[in-house]
Amino acid sequence: MRPRPSADALMVRGDGLAPRYPSARSLLGFAVLAAALVGSSCSGEEAQLDADHARDGSGAAPAETDTLSTTAIFFTDAAGREHRLEAPAQRVISLVPSATETIRAIGAEDALVGVTDYDDGEWTGSLPSVGGGLEPNMESLVALHPDVVIRFHGEQDPRTPARLDDLGIPHVAVRPVALGDVYETNRIVGQLLGRPRVADSLSSTIREGLADLSQSVADLPRQRVVYMLGGSPPWVSGPDTYISDILTLAGGDNVFGDLTSPYQAVSPEELRAREIDVVLVTRAGSYDASLTPNARIEVVGDALQVPGPDVVEAARSMAEVIHGRPVH
């Protein structure tokens, strides 16, 4: 089993944008960019994708399938870089845990040859790790001979793309920061691996699931919610984040949605001054309940730390926690 990353780190398996509050470990990293890849030698049987492998968080399989194309693939990644591939990638290292989950959701896990310490799912346990997602161990990465690396696009890690360029390793960027980025990651990963129709179908399934959930909570009283990230002083999720998007969709109002930063430290006085119905914490004992004596404290674990294909399941779970009742 891989060592668990610091519990203080926010998106240790998600977008890599954890706040750098005192004692917090530098967070994950992600993805890599692609360029000319060797041709595929897939048989006709291998080329036809199995839709049973393409699923969202609820386990539903998109109906579409893809036949792997022998023609060149063109797409643009989250960094705005245009890519031309001669064939779908065959050996991929994912530095972004949410992209790793997308690879599995579209049935392309056989192409995955390396992941990060933050990928702790059972199905990735046998895959070698290249360390953190941000600034990975380049010696370990090179030894896996990837066709392409999927990395995170952001100012948190300016060195990784430059180092990959120096090594001549193609890299494709994703940026799973907000809810809408889940669909963009699906698109990029689907193109990279020659499964665009399955990826599109996955996105459609997710949209439908979230629309159904939104309808299910539409008549329930909205709850004033805060998502605690830990630290001292405590950090909270502010606006324009995947977490805030999910809370809103689940029928909650982020009480710190008016902050000027996506993640920010707040004083005990600020917490006491806000009218809070529900406090969400990642682990028991990490929050001083006396700061919000009238609020309900709920431990939600890492359910919101991976903005990927399990989003419907995560959002439904949050809705049930926020409202204190099953949501169908």
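Of note:
Here is a yes/no grid of residues against (1) under 26 Å from Asn254 (Cα atoms); (2) out of contact with any Asp or Glu (no Cβ under 9 Å at 6 or more places or on another chain); (3) outside the structural domain of Leu249 (by TED's automatic domain parsing):
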{"position": "Arg159", "(1), (2), (3)": "no, no, yes"}
{"position": "Asp165", "(1), (2), (3)": "no, yes, yes"}
{"position": "Val172", "(1), (2), (3)": "no, no, yes"}
{"position": "Thr185", "(1), (2), (3)": "yes, yes, yes"}
{"position": "Ala199", "(1), (2), (3)": "no, no, yes"}
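- Selection status of Ser244, small (Gly, Ala, Ser), within 19 Å of the chain's Cα centre (by Cα) and under 20 Å from Ser317 (Cβ atoms): yes
- For Pro146, the conditions (1) touching a strand residue (DSSP E or B) at 6+ places or on another chain (Cβ under 8 Å); (2) within 19 Å of Ala111 (Cα to Cα); (3) in a helix (DSSP H, G or I) are fulfilled apart from (3).
- Failed criterion for Ile169 (all others in (1) within 21 Å of the chain's Cα centre (by Cα); (2) in contact (Cβ under 8 Å) with a residue 40 or more places away in the chain hold): (1)
- Residue tally, condition crowded, with 19+ Cβ neighbours inside 10 Å, free of Cβ contacts under 8 Å to residues at least 40 places away in the same chain and part of a helix (DSSP H, G or I), over the range 237-260: 1
- Inside the range 261-284, residues that are more than 14 Å from Gly238 (Cα to Cα), of a type in the set (Asp, Glu) and surrounded by 13 or more Cβ atoms within 10 Å (Cβ to Cβ) make up a count of 1.
- Residues in the range 90-125 that are surrounded by fewer than 24 Cβ atoms within 10 Å (Cβ to Cβ) and assigned to a strand (DSSP E or B): Leu112, Val113.
- The residue that is nearest to Asp181 (Cα to Cα), counting only those in the range 263-310 that are outside any loop (DSSP other than H, G, I, E, B) and touching a residue at least 60 places away in the same chain (Cβ under 8 Å), is Tyr263.
- Only residues that are loosely packed, with under 14 Cβ neighbours inside 10 Å and under 21 Å from the mean Cα position of the chain (by Cα) were counted across the range 207-228, and they come to 2.
- Candidate set from the range 97-142 (those that are among the polar types (S, T, N, Q) and touching a helix residue (DSSP H, G or I) at 6+ places or on another chain (Cβ under 9 Å)); member that is nearest to Ser201 (Cα to Cα): Thr102
- Checking Glu320, Glu298 one by one, the residue that is among the acidic types (Asp, Glu) and in contact with a Leu (Cβ under 8 Å, 6 or more places away or on another chain) is Glu298 and no other.
The values are calculated or read from the model by the stated rules, or taken from the named source; none is laboratory data. What you see is a predicted model; the values in this text were computed from it and never measured. Neighbour counts are summed over all protein chains in view; Cβ atoms, including those assigned to glycine, are modelled from backbone coordinates with ideal geometry.
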